[in-house]
Each structure stands twice: as structure tokens, then as C-alpha cells.
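Just below is one structure, and these are the notes that go with it.
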Amino acid sequence: MSRPRPIQVVHFTHISHLATIASHGLVSDTAAQRAGLISTDVGNQGIKAMRRRRAVPVPPGGVVADYAPFYFAPRSPMMFVIYRGGVPTYTGGCDDLVYLVTTVERLSRLGAGVVFTDRNAVLGIAEFTTDPARLDTLIDWPLMRATIWRNTDDQPDRKERRMAECLVHERVPWEAFTEVAAKNPACVRRAQATLANLGHNVPVVVRRDWYF
């Protein structure tokens, strides 16, 4: 099955980060840690440490933590871990998480340095490319459209392939985002108020089916 057109990609974060992102763009974990921009860290610290060590073998190089990560589908394994309370340093669940939505094509038009992987980028067997023409075969598009992504006997790597990534080097400008999505109306109202205070009018919508 060929890729969708355009290719939507999503990044989720805690709503407390929305004002900073809207003002300065979405930056890599390396830059965010250095600048002290992470007020509510929803990530698994062990995995984040691995991303700081995992080299990116294609230009512009560096390590995975030097990139802002996007998934090709919502309801990712990482969000499921958060939903189940599996991140020891964050127990707030998914209600206060928002998705930032853009497309590969929009990122390319803005001149972003984009790298694609066929699975979780920290894995040693992950394949990296900068060529968007390869996305037809690099990404398992039926798996991205599936509601259930658990591993099976026939496909023991479904979970890691569902975590295929679109990695943007260093920073994603705010103008890249076409939508902010939230789990419930209360979170939508908070996001709308935050963006209105900054003079932004990006649509904020409820997408309950993007959450667990």
C-alpha cells in the first residue's frame, strides 16, 4: 500500500509546553534540555538516554536526541505506556497531552532537515533515510492505519515498526503546524486560550480516537 498524500505526522507533548513551542518552535530534546524548556517531562528517561547516544548515520548526522521526533500515526506505543502509568517520572496520564500536527511535505517546503526511520530510531536495526521517495516502502502503511499494533507470532516487530519516525533536525518552526489536537474539550479550551494570548489562530480540535 502506497503512502498517503500528504503524509501527516504528529508529535505529542504536555500542554504546559504549548506556549513555549508556539513562541519559539519545537526544538530537539538536546536543545530543550540545554535551555531548561521542559517543565513536564512525559518521556521515559532510559529511552531518552539511549537517544542521546544513538548516532544518526545519514546527514545532517548527530544523535537522535538532536532531532524533534514525529510519528506517522497517533495512538503510539509510547502513548500507551503513558496511559498505563509506565513512565515512573510522569503519572499524569493522557488528558493533558496535545498533538502538534504537520506534514512531511510542509516540513520539506520550510527547509527542515528531515530524516525518516522504518521503526523506533534507537534500535540498532533501524533503517535511516533522507529520501521521501522511499516512504512508500520504508513505512508499513497498513500498520499505521491499524487500531491494534501489538506484536504477533508472525510479526514480532509490529510495535517497534509502529514507532517509525520522522525526525526533524534541531527545530521545527511554529508555522509548520496546521493543527493542535487534544483528548477532551477542557484541554482544547486551555490550548485555545494559550494560543490566543500569543496571537496564534492554529485550529485546536478534539480527536478522542487519537488517545487511549
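Taking Val114 as the residue in question, decide whether it is surrounded by 11 or more Cβ atoms within 10 Å (Cβ to Cβ), over 16 Å from Val9 (Cα atoms) and either at pLDDT below 95 or out of contact with any Asp or Glu (no Cβ under 8 Å at 6 or more places or on another chain) (or both). So Val114 does not fit the description; no.
Give the residues of the range 60-105 that are closer than 23 Å to Arg171 by Cβ, of a type in the set (Gly, Ala, Ser) and under 14 Å from the mean Cα position of the chain (by Cα), sorted by residue number. Scanning the range 60-105 gives Ala65, Ala68, Ser76. Inspection of the range 175-198 identifies at least one residue that is within 17 Å of Tyr99 (Cβ to Cβ), part of a strand (DSSP E or B) and of a type outside the set (A, V, I, L, M).
Across the range 194-205, what is the number of residues that are exposed (fewer than 11 other Cβ atoms within 10 Å of the Cβ) and among the small types (Gly, Ala, Ser)?
So the first thing to find is which residues in the range 194-205 are exposed (fewer than 11 other Cβ atoms within 10 Å of the Cβ), and the list is 197, 199, 201.
Within this subset, residues satisfying the condition of being among the small types (Gly, Ala, Ser) are 199.
Residues meeting the conditions: 1.
Taking first residues from the range 13-26 that are closer than 15 Å to Thr178 by Cβ and partners that are at pLDDT below 95 and in a strand (DSSP E or B), no Cβ contact under 6 Å between residues at least 6 apart in sequence or on separate chains turns up.
For (1) closer than 21 Å to Arg109 by Cα; (2) under 17 Å from the mean Cα position of the chain (by Cα); (3) not in a strand (DSSP E or B), each residue gets a yes or a no:
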site: Ile125; (1), (2), (3): no, no, yes
site: Ala133; (1), (2), (3): yes, no, yes
site: Thr147; (1), (2), (3): no, no, yes
site: Arg150; (1), (2), (3): no, no, yes
site: Arg161; (1), (2), (3): no, yes, yes
site: Val168; (1), (2), (3): yes, yes, no
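Of the candidates Arg52, Arg75, Arg34, the single residue that is without any contact (Cβ under 8 Å) to a residue 40 or more places away in the chain, in contact with a helix residue (DSSP H, G or I) (Cβ under 9 Å, 6 or more places away or on another chain) and either charged (D, E, K, R) or not in a loop (DSSP other than H, G, I, E, B) (or both) is Arg52.
The values are calculated or read from the model by the stated rules, or taken from the named source; none is laboratory data. Source: prediction; values computed, not measured. Cβ: placed from backbone, ideal geometry, glycine included. Neighbour counts: every protein chain shown.
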